[in-house]
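Visitor: This is the structure, below, for whatever I ask next.
Throughout, read-outs are computed from the coordinates displayed, never taken from laboratory work. Note that this is a predicted model, so its numbers are computed, not measured. Counting neighbours? That spans all protein chains shown, and the Cβs are built from the backbone with ideal geometry, glycine included.
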Amino acid sequence: MSEKTFFQRVYEVTKQIPEGKVSSYGAIANYISSTQASRMVGWALNKVNTFDVPAHRVVNRKGMLTGKFHFDGITLMQQLLENEGIRVVDNQVQDFEKVFWDPSKELI
């Protein structure tokens, strides 16, 4: 059996982010890799073209919707998050600490 690629591991972790929660590029990178690979997580999620991988639940370390330009329509990422009960103001997740999901703590 072949080893999973970095992108495949990003998708597996992202699929586990619960509805109503967000994670960050860095948190996912730290979970799946021993090196700091936040940008690569972003690149992997930019390649997603299915709602099977909830890429809208991944934001930057400050809760900013930095990936919003990769969704159809500039407000789609925000709309998807708000549909899950996450409040977004000026492209930033509100109460970020409360809705943050850290795979290093949640996936054992």
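Visitor: What ³J(HN,Hα) values, in whole Hz, does the Karplus curve 6.51 cos²θ - 1.76 cosθ + 1.60 give for segment 44-56 when θ = phi - 60°, with x put for Gly and Pro?
Guide: Running phi through 6.51 cos²θ - 1.76 cosθ + 1.60 with θ = phi - 60° gives 4, 6, 5, 7, 6, 10, 9, 7, 5, 10, x, 4, 5 Hz.
Visitor: A further question follows. Counting each DSSP H run of 4 or more residues in the chain as -39500 (n - 2.57), what helix-only mean residue ellipticity at 222 nm follows after dividing by all residues, to the nearest 500 deg cm²/dmol?
Guide: When only DSSP H runs of four or more count, the value is -10000 deg cm²/dmol.
Visitor: Which net charge results when you count Lys and Arg as +1 and Asp and Glu as -1 among the other residues whose beta-carbon is under 15 Å from that of Ile74?
Guide: So the environment of Ile74 carries a net charge of -2.
Visitor: I want to check the label-to-label distance for Gln92 and Phe51. Put each point 7 Å from Cα in the C-beta direction and report it in nm to one decimal.
Guide: 2.9
Visitor: To the nearest Å, what is the center-to-center distance of segment 93-108 and segment 57-75, using C-alpha atoms only?
Guide: With segment 93-108 and segment 57-75 each reduced to a Cα centre, they are spaced 16 Å.
Visitor: Sequence neighbours fewer than 8 away in the same chain don't count; with that in mind, list the lysines whose C-alpha is under 20 Å from Lys4.
Guide: Lys15, Lys47
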